[in-house]
Amino acid sequence: MLLAWLAFPAAASAEDAALILSGVPGSDRHSEQFSEWTRATRTALIETFRFAEDAVTVLENRGARADDIRAAFGELSGRLGGEDTLFVFFIGHGAYDRGEYKFNIMGADLSAAEYAAMLDSVPAGRVVIVNGTNSSGASIEALAAPNRVIVTATRTGTERNDPLFYEYFIATLGDEAADEDLDAELSVWEAFQHTTLEVERFYEEQGRLATEHPQISDNGGEQTGVERDETPALARSITFDQEEAISVDDPVLRALLEERRVLEDEVDAYRLLEGAVPEDEFNARLEELLIELALKNQEIRRYEEQP
């Protein structure tokens, strides 16, 4: 992990991409619902989180057959590199049979293992999967891997009722209250945590037995719910927000801002080592980095305030 941190890419050079898969609806009600969720996901990525329009691929209903999906992953494999993050969203129905999860699409369905193989073919440095279908918890074992965050609407494949998770997930993407650390960015962990709490609140207020239990797998780790001893480091470090280009005319200020961005990336990357190095050593180095960042912010403010 130390080597991974030393090679951690600067976010400023990243070109993240998203693939939204919206499966076969099966009914008019689901068709309307899935179409709205698909549209809302794309809109949030582009308008709220500043994804480039051509970086968001949508495959929906009859346009989301197995060959279409394979072709999309093929295109992504030629587009993304180790400094990039790939986000994949599953909207629709899931199926669980004989220990295997499948995402329902037009024509032959693809299994979680087949999606895992396609993900392996994409050289993105990090992958985030949000699977909002029923039975989605059964996909985690096949999809989980280092440098991946898997979020699912359910804990197991046997939770087969239509989940509420994705409805609340969409709302979370536009809810400033989800930004728990108030850094003006929404991390994957913050989105998962806020969505899960909203789902739990619904069932409690309705006095109903919960039929879904959202889960997260971080960096290849075992799946857990929102209650856990430690915040998952990778999910905390990945945000949906895309870095804005530093566009200032003053070359000195531009250099200072770029230096600050590098330090911010170092802090985020080093936090991934929590638990992998002795606690005293980790805290000491993190404190050093945070002091460097604070001093850089002071330097920027002084420069901006000078006559």
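Restricting the stretch 85-130 to residues that are assigned to a loop (DSSP other than H, G, I, E, B) and in contact with a strand residue (DSSP E or B) (Cβ under 7 Å, 6 or more places away or on another chain) leaves a set whose member that is surrounded by the most Cβ atoms within 10 Å (Cβ to Cβ) is 92. Within the stretch 247-277, being over 24 Å from residue 187 (Cα atoms) and either assigned to a helix (DSSP H, G or I) or at pLDDT 90 or above (or both) holds for 251, 252, 253, 254, 255, 256. Against the definition (in the same structural domain as residue 79 (by TED's automatic domain parsing) and within 21 Å of residue 77 (Cα to Cα)), how does residue 106 come out, yes or no? So residue 106 does not fit the description; no. Checked against (1) surrounded by 13 or more Cβ atoms within 10 Å (Cβ to Cβ); (2) under 20 Å from residue 187 (Cα atoms), residue 227 passes all but condition (1). Here is the figure for the stretch 26-74: residues that are of a type outside the set (D, E, K, R) and outside any helix (DSSP H, G or I) total 10. Contact annotation: residue pairs with Cβ atoms under 8 Å, 6 or more positions apart or on different chains, pairing a residue in the stretch 279-307 that is on the phi < 0 side of the Ramachandran plot with a partner that is surrounded by fewer than 13 Cβ atoms within 10 Å (Cβ to Cβ) and assigned to a helix (DSSP H, G or I), are 303/252.
Filtered by the rule that a residue be of a type outside the set (Ser, Thr, Tyr), out of contact with any Pro (no Cβ under 6 Å at 6 or more places or on another chain) and under 17 Å from residue 96 (Cα atoms), the stretch 126-144 gives 131, 132, 137, 138, 140, 141, 142, 143. Only one entry in 272, 253, 263 is more than 19 Å from residue 181 (Cα to Cα) and of a type outside the set (S, T, N, Q), namely 253. Restricting attention to the stretch 22-51, the residues that are closer than 23 Å to residue 238 by Cβ, in contact (Cβ under 8 Å) with a residue 40 or more places away in the chain and of a type in the set (A, V, I, L, M, F, W, C) add up to 6.
The residue that is nearest to residue 40 (Cα to Cα), counting only those in the stretch 155-168 that are assigned to a helix (DSSP H, G or I) and touching a Gly at 6+ places or on another chain (Cβ under 6 Å), is 166. With respect to residue 145, determine if the residue is at pLDDT below 95 and under 28 Å from residue 275 (Cα atoms). No. Restricting the first member to the stretch 146-158 and to residues that are closer than 12 Å to residue 126 by Cβ, and the second to residues that are modelled with pLDDT of 95 or more and of a type in the set (Asp, Glu), the beta-carbon pairs closer than 8 Å and six or more apart or on different chains are 149/218. Whether a residue is over 18 Å from residue 169 (Cα atoms) and at pLDDT below 95 was assessed, and residue 83 passes this test. The set of residues in the stretch 207-229 being out of contact with any Ser or Thr (no Cβ under 8 Å at 6 or more places or on another chain), assigned to a loop (DSSP other than H, G, I, E, B) and within 16 Å of residue 128 (Cα to Cα) consists of 219, 220, 221, 222.
The values are calculated or read from the model by the stated rules, or taken from the named source; none is laboratory data. Nothing here was measured: the structure is a model prediction, and the numbers come from that model. Note that each Cβ is placed from the backbone with ideal geometry, even for glycine, and that neighbours are counted across all protein chains shown.
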